[in-house]
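The values are calculated or read from the model by the stated rules, or taken from the named source; none is laboratory data. What you see is a predicted model; the values in this text were computed from it and never measured. Counting neighbours? That spans all protein chains shown, and the Cβs are built from the backbone with ideal geometry, glycine included.
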């Protein structure tokens, strides 16, 4: 009975990680898109009425409502993956994997808090933006594109190495993870919308985990 329970836990953990990863990827992508649509960037942010539009404010409110749930499912994904790896996890890579995931969550919540401050302050009428509003806008984008994305790069690269060493990730998915990490490290802070490669990779990884766990779980369920 004990061996049967352990086998069931090993089979269910990847599926839980995959489901949590799918939900996180969808929520984080939606929040990122709504955040960029809600808070103007560049020249458009300094024009009159740049943040008085009700559509922008509604998009930002929707993004802020999604961020806490995205963080919760990301932590669930993080814990489920660590439980699946277990004792086979390399200590160095495991520390980088866990630490970068936690810091990424903190940076994501920090960017959301800065965006909430922007929403509370609003945008004045006239041609010049309010200094407090402009500071909050820059802070939100800096936390998201300069710090959170780089922590996501460490998370992706460490998980790709762990998955490749344990043989639970195919070679093409590990290579794609390294390309995603490079994009998040060197491109995301300068190219708008480049941060969306992280939820895209997370969604692809999660779907692969769900499919792989379904293939390995079918014979085990039929066994007496």
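List of remarks:
- Test: residue in region 210-221 that is surrounded by 18 or more Cβ atoms within 10 Å (Cβ to Cβ), touching a helix residue (DSSP H, G or I) at 6+ places or on another chain (Cβ under 7 Å) and either outside any helix (DSSP H, G or I) or modelled with pLDDT of 90 or more (or both): no
- One residue stands out among those in region 41-73 that are assigned to a loop (DSSP other than H, G, I, E, B) and out of contact with any helix residue (DSSP H, G or I) (no Cβ under 9 Å at 6 or more places or on another chain): the one that is modelled with the lowest pLDDT, which is 48.
- Restricting the first member to region 169-197 and to residues that are over 23 Å from residue 14 (Cβ atoms), and the second to residues that are part of a loop (DSSP other than H, G, I, E, B), the beta-carbon pairs closer than 6 Å and six or more apart or on different chains are 194/187; 194/188; 195/188.
- Against the test of being modelled with pLDDT under 90 and within 22 Å of residue 105 (Cβ to Cβ), the options 177, 163 yield a single qualifying residue, 163.
- Flag if residue 135 is in a helix (DSSP H, G or I), surrounded by fewer than 19 Cβ atoms within 10 Å (Cβ to Cβ) and modelled with pLDDT under 85: yes
- Hits in region 172-194 (condition: out of contact with any helix residue (DSSP H, G or I) (no Cβ under 7 Å at 6 or more places or on another chain) and not in a loop (DSSP other than H, G, I, E, B)): 172, 175, 179, 182, 186
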